[in-house]
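Novice: Can you keep this structure in mind? I'll have questions shortly.
The values are calculated or read from the model by the stated rules, or taken from the named source; none is laboratory data. These figures come from a predicted structure and were not determined experimentally. No Cβ is skipped: glycine too gets one built from the backbone with ideal geometry, and neighbour counts run over all protein chains shown. Only protein heavy atoms, including side chains, enter the accessible area calculation; ligands, DNA and RNA are left aside. Shrake-Rupley method; radii C 1.70, N 1.55, O 1.52, S 1.80 Å.
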Amino acid sequence: MKDINKNIKQSIYWNYVSSVVIHTITLVASAILLKLLSPNDFGVLAILFLVLGLGSIFIGQGYLSAIIREKIIDNTILNTIFWINLGFGFAVVLLSYLLGDWLGEYFKIYSFKNYLSCFSFAYLLQAANVVPLAMLERKLDFKQHSIIHIYATIVAAIIAIFLALYQYGVYSLIWRGLSAGFVVTILVWYKSEWKPSFVFRYSSLKGMHRFSRGVLGTQILRYGANQLDNLMVAKLLGTSDLGIYNRAKTFVLKPAREINAKTRSVAYSALSKLDDPEEYRTTLFKFTLLLAMVIVPLLLIVLISSDTLIYTYLSSEWYPMISILKLLAISSIVISTSMPSQIMLSKGASYTLFKSEMITNVIKVGVLLFAFRFADLLSIVILFLLGQVLSNLLQNIVAYRSVEGYKLMIWKYHILPIIMAFIVYGLAVVIDNYISYSLISMVCKLVVCLSIYGFYAWKTYPEILKRIRK
């Protein structure tokens, strides 16, 4: 247990250090790119992610989670997974070339085939990295994992800004992804102790099939439900509105999801190794509170500062992003502070996760289809987020029932921090009625509101916070 706790501590430290560094660089780079590029450029990029995202799921095939979870894994299995993923990576590149013209006509985007064919190589690079990155996570070696992605983010930001300055438009965003992929590939293979060999035995994966197929099915369902809003915005409103919506999602959801994903990856690796119910529950408590103490303040910053920053630094074509940012931040406070999938996967219940995902996706899609009656951006956003919140609530009910003492845990470590966050934001709204928009007033609101939330956390969870720090 001591070794696991030590590895968890180091993993969390490096995950959060990398998150702060990566998102600081990303935020600065994105702010510069917003000044240099148009909403339409970002809308095209969002459609590229929409089209290629499904290929990314098949590249992983759920085997990454299986590699991390398995107690013993041999070289034959790793090589077989590597070659399968590489094959899917080449398939993504080929299909992108063959379907590029048809997809360009469907989305009414000129030169879409060129964009798609170029960007597809990022997914080939991803396919080559699945196994070595999974091995780093399996060993809880998030130090190397974090350093590699920090370097990749720096290089990608520099290249994207350079190309945008010379008016390369969409290609500056495409090469941002490609250059990051190249750097990750070079560094991960340089650092990796595992190297592939020409061994392929599909039968060696027999023991993983049930688990990995459950994960794959869950990812496909989640992808379809989570991308339906982007597809509707693209078809009903066009690439400019999609660019505004996508940037808002990126500014709010990406940092929250990245920090959430990094915490969840450590949590999943740690929880998978724990058999004692008391140790499992205690560890889960720590991770749940850790999410609330890190993600909620970040989202409060977005809620409080977004309008002032956008009015001050961006052109009027980006103003519709303000209300979307606030709605996304409010819903993310509710959604991003729990980890139902990691609970089910750590207990080997991938098919329980798959079945719950089927039900929740019906909810998401059913709610979002009402947007056809309104066909405006704000309605699509509200309905999409309503479906997300309801689905997250259902999955939490399913997952936490398998944990002893879950009712107390959800109330004390999940619901109470959310309630306090909304009280603090309400205070910021009240302050807005008495002061004008300015950078000074924004800073004052941030200091007051975050101090109140920090004081609440310190007074309510002193023992847990000390244990997390240790």
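Novice: Please work out the average accessible area per residue across the stretch 277-348, using the 1.4 Å probe convention, and give it in Å². Write out the running numbers ahead of the final one.
Specialist: Numbers: 2110 Å² over 72 residues.
So the stretch 277-348 comes to 29 Å² accessible per residue, rounded to a whole number.
Novice: Ignoring ligands, DNA and RNA, please state the percent of accessible area on the stretch 359-405 from carbon and sulfur, probe 1.4 Å.
Specialist: Values: 1730 of 2370 Å².
Of the solvent-accessible surface of the stretch 359-405, carbon and sulfur hold 73 percent.
Novice: Would you work out the Kirkwood radius for the stretch 93-164? I mean one over the mean of 1/r across all pairs of different Cα atoms, in Å. Please list the in-between numbers first.
Specialist: Details: mean 1/r = 0.0684 Å⁻¹.
Across the stretch 93-164, the inverse of the average 1/r is 14.6 Å.
Novice: Leu416 to Cys444: extension gain in nm, 0.36 nm per residue of separation minus the Cα-Cα distance? Write down the numbers at each step before the final one.
Specialist: On the way: separation 28, 0.36 × 28 = 10.08 nm, distance 2.48 nm.
My answer for the length gained is 7.6 nm.
Novice: Continuing with this model, one more query. Could you work out the local net charge near Val424, counting Lys and Arg as +1, Asp and Glu as -1, over the other residues with Cβ closer than 15 Å to its Cβ? Kindly include the intermediate steps, with their values, before the conclusion.
Specialist: Details: positive: Lys326, Lys445, Lys459; negative: Asp432.
Charge balance in the 15 Å sphere: +2.
Novice: Still on this structure: Give me the one-decimal nm value for the distance between modelled label points at Asn75 and Thr282, 7 Å along each residue's Cα-to-Cβ direction.
Specialist: Each label point lies 7 Å from its Cα, and together they span 3.9 nm.
Novice: Can I ask one more? Sorted from largest down, what three extents in whole angstroms do the Cα atoms of the chain have along their principal axes?
Specialist: For the chain, the Cα extents along the three principal axes come out at 67, 58, 42 Å.
Novice: Quick one: 3J(HN,Hα) in Hz for the stretch 245-252, Karplus 6.51/-1.76/1.60 with θ = phi - 60°, rounded, Gly and Pro as x.
Specialist: 5, 5, 5, 4, 4, 5, 5, 9
Novice: Next up: Summarise the accessible area of the stretch 106-201 (1.4 Å probe, protein heavy atoms) by the percent that is carbon and sulfur.
Specialist: That share works out to 66 percent.
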